[in-house]
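Trainee: Before I ask anything, here is the structure I am working with.
The values are calculated or read from the model by the stated rules, or taken from the named source; none is laboratory data. This structure is a prediction, so every number in the text was calculated from the model and none was measured. As a convention, Cβ positions derive from the backbone with ideal geometry for all residues, glycine included, and neighbour counts pool all protein chains shown. Quick note on the areas: whole protein, heavy atoms, side chains included, nothing else; ligands and nucleic acids left out. Shrake-Rupley method; radii C 1.70, N 1.55, O 1.52, S 1.80 Å.
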Amino acid sequence: MCRILGYFGPPILLDYVLSKPEHSLIVQSYQPREMTSGVVSADGFGVGWHHAQRDTDAFVYKNTLPIWGDINLENLSRYIESGCILANVRSATTGQSVDLSNCQPFRNQRILFTHNGFIKNFRKTLYRPIRDRLNDTAYQAIEGTTDSEHIFALFNHELSVDPDLSLKDALQTTLLTVSDLATSHETDASLNIIVSDKHQLVASRFSTKSPAPSLYWLRDDPTFPDAVIIASEPMFAGGNWNRFPENSILTVGENLDINIDQL
């Protein structure tokens, strides 16, 4: 299992969410409290962000090192600031290679996407069925081998088929498609996902077999006023952390209103 993080609010330096909290993403990578599979997330990491002023494609920084072993990250995260940040520390599924193409977040122009979870026996179950559902654009964009990137490809397929589709509707269709495929191929899938386009965050806590991996949200904490944080585990004690309901999608827009839909 990976650990994932999303921040949406006033521009802040990356290190405010990556390293400064007492149970930051860096700490979660080697001392997780709620991982149900694996012990550490040491198989690479990635940070994605949107420019604080300009409307440009998203940016991504990745490394195959554990997040605590990258000597460049401290300087970068004290320089770069953004109002929309996604991050992931990876615990690779057995048999999956540790390389940059398999590190998250994934990016498609302005869209950032990160996933915590797995498709059980992915190569033997849903690898081919997912690929068979993709249009050529989504298919050709796949660079790695993970189940996570193939889920992202399904999401991109939905958006390319209907460019007017909302992120929430595209994510919901993706979740239900994977769920239906998992049922028909007698396998399990868990899909905690955060996706952004700079103007909103959409996140899911979803699994075909309960319980789904942990996921929490926090809004307007004194430490992060006028902001929403989504995280696999609470990043500090004392905050009003809310656990996502099982099989739900949360949407937060620029007004910071939280909408939760049950699937």
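Trainee: If I go through the range 26-45 residue by residue, how many of them are free of Cβ contacts under 8 Å to residues at least 24 places away in the same chain, open to solvent by less than 60 Å² (accessible area, probe 1.4 Å) and either touching a His at 6+ places or on another chain (Cβ under 8 Å) or assigned to a loop (DSSP other than H, G, I, E, B) (or both)?
Mentor: Selection size over the range 26-45: 0.
Trainee: Of these, 95, 48, 144, which one is in a strand (DSSP E or B) and either at pLDDT below 95 or among the small types (Gly, Ala, Ser) (or both)? Give the derivation first.
Mentor: Details: 95 fails: in a strand (DSSP E or B); 144 fails: in a strand (DSSP E or B).
Of the residues listed, the single one that is in a strand (DSSP E or B) and either at pLDDT below 95 or among the small types (Gly, Ala, Ser) (or both) is 48.
Trainee: Give me the strands (runs of 3 or more DSSP E) completely within the range 153-263, filtered to those with at least 1 residues that are open to solvent by 20 Å² or more (accessible area, probe 1.4 Å), ordered by residue number. Reasoning before the result, please.
Mentor: On the way: elements: 189-196, 201-205, 216-221, 224-231, 248-252, 258-262.
Ranges flagged: 216-221, 224-231, 248-252, 258-262.
Trainee: If you don't mind, another one. I'm trying to understand the selection: among the residues of the range 68-102, which are open to solvent by less than 60 Å² (accessible area, probe 1.4 Å) and within 10 Å of residue 148 (Cβ to Cβ)?
Mentor: Listed by number, the residues that qualify are 88, 90, 96, 102.
Trainee: Scan the range 3-14 for residues that are under 18 Å from the mean Cα position of the chain (by Cα) and either in a loop (DSSP other than H, G, I, E, B) or not aromatic (Phe, Trp, Tyr) (or both) and jot them down. Working first, answer last.
Mentor: Narrowing the range 3-14 to residues under 18 Å from the mean Cα position of the chain (by Cα): 3-9, 14.
Selection gives 3, 4, 5, 6, 9, 14.
Trainee: In the range 67-86, how many residues are assigned to a loop (DSSP other than H, G, I, E, B), over 21 Å from residue 228 (Cα atoms), in contact with a strand residue (DSSP E or B) (Cβ under 7 Å, 6 or more places away or on another chain) and not charged (D, E, K, R)?
Mentor: First pass over the range 67-86, keeping only residues assigned to a loop (DSSP other than H, G, I, E, B): 70-72, 78-80.
Those left that are additionally over 21 Å from residue 228 (Cα atoms): 70-72, 79.
Keeping just the survivors that are in contact with a strand residue (DSSP E or B) (Cβ under 7 Å, 6 or more places away or on another chain) gives 70.
Right, trim to not charged (D, E, K, R) and you get none.
Residues in the range 67-86 being assigned to a loop (DSSP other than H, G, I, E, B), over 21 Å from residue 228 (Cα atoms), in contact with a strand residue (DSSP E or B) (Cβ under 7 Å, 6 or more places away or on another chain) and not charged (D, E, K, R): 0 in total.
Trainee: Criterion first (open to solvent by less than 70 Å² (accessible area, probe 1.4 Å) and either closer than 21 Å to residue 226 by Cβ or of a type in the set (Gly, Ala, Ser) (or both)) does residue 15 satisfy it? First the steps, then the outcome.
Mentor: Values: open to solvent by less than 70 Å² (accessible area, probe 1.4 Å): yes; either closer than 21 Å to residue 226 by Cβ or of a type in the set (Gly, Ala, Ser) (or both): yes.
Yes: the conditions hold for residue 15.
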